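The structure under discussion appears below in the form of structure tokens.
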Amino acid sequence: MNDVTRILNAVEQGDAQAAERLLPLVYDELRTLAAHKLAQEKPGQTLQATALVHEAYLRLVDVDTVQHWNSRGHFFAAAAEAMRRILVDEARHKRSQRRGGNYQRIELSAVEPAVGVNQLDILALDEALHQLTALDPRAAELVKLRFFAGLTVSEAAKVLAVSIATAENDWAYAKSWLKLQLSTNGGELS
Amino acid sequence: MDTQQIDEKAVFNAARRIADAAARDDYLSQACGDDQPAIQRIRELLRIHEEEQSFLEPPAADLALTTDHSPIAERPGTVIGPYKLLQQIGEGGMGVVFMAEQTEPIQRTVALKIIKPGMDTRQVIARFEAERQALAMMDHPNIAKVLDAGTTDSGRPYFVMELVKGVPITKYCDDKHLPIRARLELFVQVCQAVQHAHQKGIIHRDIKPNNVLVAEYDNRAVPKVIDFGVAKATAQKLTERTMFTEFGQVLGTVEYMSPEQAKLNQLDIDTRSDIYSLGVLLYELVAGTTPFERKRLTDAAFDEMLRIIREEEPPKPSTKLSSSDTLPSIAANRHSEPARLSKEVHGELDWIVMKALEKDRARRYDSAANFAADIERHLHDEPVHAGPPSAVYRFRKFAKRNRTALATGALLALGMLVALGGIASGIWERRARQARVTGQLEVILEEVSRLEKDEKWSEALMTARRAEPALATGEAAPEIQERARQALADLELVRRLEDTRADSGTVWGTSTRTDTTRSELAVQAEQAYAAAFRDAGIDVDSLPVKEAAERITARDRISTAVLPALDDWVAVRSVGNDEAATRRLVGVLRMADPDPWRRQMRDALARKDWSTLQVLTTSTDLDEQPAATLGFLYAAIDMNQTQFPEWAENERELVLRRAQWKYPADFWINHRLGVHLIWRQGEHVEEGIGYMRAAVAVRPQSSHAMSNLGAGYTFLREFDQAIACYRKSLELRPDNWVCLGNLGISLSRKGAHEEAIAAFEEAIRLRPDLTTEAHAELSMIHSNRPDAHLRNARRAAELAAKAVELEPNFSNHWTALGIARYRESQWQEARTAFDKSLQLGTDFSHGVFSWEEAIDWFFLAMVHWQLGNHDEARKCYDEAVQWMDQNKLQNDVQNDEQLRRIRAEAEELLKISKTTE
């Protein structure tokens, strides 16, 4: 059984600390995966975060052993968070590059969020998302699952253990809320 | 944020459902009262909701690909035609199954399966209707009838079936711990059911455990095949899109798919496809897993997955069993023991299963009835029709080539038989025996070449050794005997080469810090290579170059092991600076392996042309190279890393990572990457352990890999884990002195001093000249263990002096010598040693030793105290404490029991009151 599968099983059995160990593993996997894919692609290609997350899932999780939706949920929750960090890190990195310096790393800026957005300022969105988390953590988590891991509303509902109707309400509200917040925060809109 | 009592989300969500603007405004003022800002805000949110539909939503192109996402809406209580859904009883790739109550025309409970979205409902129903007549004619106690089909209100196709309260046959057998015989008896009934359907012209197309349920009636296990007609009606064209969900998961169960089903235009599926799936099912019932494991198939890319199913020869059930990690539990589930189970399956059962799994359907059982009949013959100890596959196949091929000759021959033989009658029986008996022994050898050789292809060398060797008794009789056909002998000789050579390759790792490893030890190890590896080749009839140094190369090329079956060994040999030989000999070896290798890419690499290395080597690591066809080449390229860079100063560790590592990506199951790649990361230490160790575990999994008999895994745990200070690994490694090779030294270190860190002493002594006994580490460590135990009565200053001094003599530039050894001298009350000598150690500086390449500098200072403090220099002593003590403060984040400094003890000793001597921490 591989590490991730083992951790998922531990989570399943109520080991709360196990979930924390999941994130770095998934984060590394996503980064490596993205780097590897980009190395193979022609320059200028972009990668879909959704595809990356799902490929990571297949690579990391022993699907035969992990069959509970709960476990999958934990995985995708971790993946959403990992993808958020990757994209935010990249956005920060791009910004900091202006200062120059000899910063060597694999360029991941060609990874696109799961949900298509043109010219969206990831950092501004992330800030707004932080604010939403303080107010309505469940809705914020739903946005992460949708936006960074590409889950559908019903899949995300399963992860969050809420009804689809609740998830749909959260989603509608969160979208409007974030959009409004982005304009209040002064980020570039539309 | 919002402190008002208004639940903004609830109001928003209620309001957005009110279409009429006026009604909506009414609702808002009702919900928010006169809180105008709140009303304004919710209005704004509602406006965004309407105008910015696409914000954060998936792009349209994605939507188009994922057809229909809405989940199945039918719930318990829903009425579909004459059926009322009661409760959900299952969910699979194709649909959701409910228990349902039928009210008309008769009252009964049925199973109702609603097909998941993504299929054209009309087409599904039309296909079902086409087969409906035939389905209605099926009447067999082991078949659950399909009763009806239709369309739900939401437009989904559904099927109504006889309700079976059973569990999948594999689960049933395991739960009940059914022995093989009982499993076979159950399986025969399944075959008979399938035979019945086949006779009515119905092919199942999706036989798998979930469709073969076992229910108990009157305490009797009754298998029931379900879903006849469903798979055909719902069949889709096989494309990447139909096989994978948007989650990337494989839809349905590919493990049971026949080779002809795995073709993109699967036009002519016939009953023999079901025979194949039955074969997979039997395989699983016997061996506990399917011939190709799900993980492997689903991990593979789509085309690769189909290729495996279509082309790859699966291992026989007995082989699968013997290579399974979980054999004990598989055996227990079959009410058996591992050895007994393997024996039971080996032979006839292997043959029966493999006949059903033939890639060419013409060579499978031609009917389910004949499949069942052969199993029954096996159960009644009658000779089965299936035989060792190779012999039959070879004969057929032969027959195809010599059809007419054979016909005449058969007639002639018949005539002779009649004429000679009983006289010939002796000859026939001997011939029969010969044929049997030959058959045995053929089966073994076939298995050997399969294992060789997977580079499972030691398994191949073990299998080949099974041929020895048969060879000893001398009865087999001479050509086969020759092949078996050659295979044995080849694999023996591989064993020695792989062992030497594993050993030669220490030439480059961290345990080699001086040029003298390095060249000594290199000479040793060099001689081992020479001897292995010489004993295999390839005396590289005395044969003419061309002749040597030809003899190597002749062993083409093992070239994937021989060529990398030659590369490694060149590397260790070049340490010895005998340029002529190295050139000669390079010459042999050049002729034996004409591959241009590798030639370029070797030439660059020989010329010390580092820039070409570097260019190769980024060349576009790098990924096309075999694993061994990539591993060697990495080794070449790694061994000469000082030549690539501008290269970061990560970049060198990238060569390996790319290789590992391409060859995730290659032993050497995983091993190298694991070693690389583990010795990078810090945050890399855990990842390194992952790869090392992969290496161990691929080659569990590798003592070095197991020992290196232990080293990983040692760096993490998980000493129990580490010790377990070292012990296992030593079971595999008791003379692994590197491992013994590592074991000693872990034991000593745990405070198991007696055991540690034993491990170090053994390591030193084996290699007195190379185990400097063990010398120093053992010395430290003798001079420093907590119980002062058990200390042995004399021995400690002896050992440390030897370590210093062998490796004078390593500060650790001087520390050990200083402590030993201190224990002998030789203050001046001790002082010299500690000064020397501090002057050399701490070697951080060994994570577990990084507190050495603090130890030096503490002891130096005590030395000065003993010499009466109290001020100097205090200064040294302060240095030590300061050093500990500066490095307190290091695991070792915080946790090391020895360091704490030494500090306490110094504080007591210097009369410094206990620090409060």
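The values are calculated or read from the model by the stated rules, or taken from the named source; none is laboratory data. The structure presented is a predicted model; accordingly, all values stated were derived computationally and were not measured. For neighbour counting, all protein chains shown are included, and Cβ atoms are generated from backbone atoms with ideal geometry for every residue, glycine included. These accessible areas exclude ligands, DNA and RNA; they are computed on the full protein's heavy atoms, side chains included. Shrake-Rupley method; radii C 1.70, N 1.55, O 1.52, S 1.80 Å.
Quick notes on this structure:
- Oblate is the label for the stretch B:734-831, because the ratio a/c of its alpha-carbon gyration tensor axes (a ≥ b ≥ c) is 1.5 or higher and a/b is not greater than b/c.
- Counting Cβ atoms of other protein chains within 10 Å of each residue's Cβ and taking the mean over peptide A:174-184 gives 5.
- Of all accessible heavy-atom area on the stretch B:513-643, the percent that carbon and sulfur account for (1.4 Å): 51 percent
- Rolling a 1.4 angstrom probe over the protein heavy atoms with all chains in place gives the stretch B:513-581 an accessible area of 46 Å² per residue.
- Panel note: contact residues of the stretch B:9-24 (accessible area lowered by at least 50 Å² against the chain on its own; 1.4 Å probe) correspond to B:LYS9.
- Over the stretch B:575-617, the ratio between the Cα radius of gyration and 2.2 N^0.38 Å evaluates to 1.19.
- Calculated from the alpha-carbon coordinates, the stretch B:570-690 shows an Rg and a Dmax of 14.8, 44 Å respectively.
- Judged by the ratio a/c of the largest to the smallest principal axis of the C-alpha gyration tensor, the stretch B:666-806 counts as prolate, that ratio being 1.5 or greater while a/b is larger than b/c.
- Estimated FRET transfer efficiency when R0 is 56 angstrom, pair B:ASP139-B:ASP303 (beta carbons, to 0.05): 0.85
- For the stretch B:652-657, putting each phi into the Karplus relation 6.51 cos²θ - 1.76 cosθ + 1.60 with θ = phi - 60° gives couplings of 4, 4, 4, 4, 5, 5 Hz, in residue order, rounded to whole numbers and with x for Gly and Pro.
- FRET efficiency, B:ALA724 to B:ARG436 (Cβ-Cβ, R0 51 Å, nearest 0.05): 0.65
- Ligands, DNA and RNA left out, the accessible area of the stretch B:183-226 computed with a 1.4 Å probe is 36% carbon and sulfur.
- Each chain gives up part of its surface: A and B jointly bury about 3700 Å² of accessible area, both sides summed, for a 1.4 Å probe.
- For B:655-661, mean number of other protein chain Cβ atoms within 10 Å: 2
- Computed from the C-beta positions of B:GLN886 and B:SER825, the FRET efficiency with R₀ = 35 Å rounds to 0.65.
- Each peptide in B:177-183, B:103-109 gets a packing score, the mean of other Cβ atoms within 10 Å over its residues, and the list from highest to lowest is B:177-183, B:103-109.
- Net charge in the neighbourhood of B:ASP856 (other residues with Cβ under 10 Å of its Cβ; Lys, Arg +1, Asp, Glu -1) is -3.
- Gain on full stretching of the segment that runs from B:ALA362 to B:SER54 - 0.36 nm per residue minus C-alpha separation: 105.3 nm
- By accessible area, using a 1.4 Å probe on protein heavy atoms only, the stretch B:681-744 has 51% of its surface on carbon and sulfur.
- For B:GLN625, distant residues with modelled amide H under 5 Å away: none
- Cβ neighbours within 10 Å from other chains - mean over B:47-55: 5
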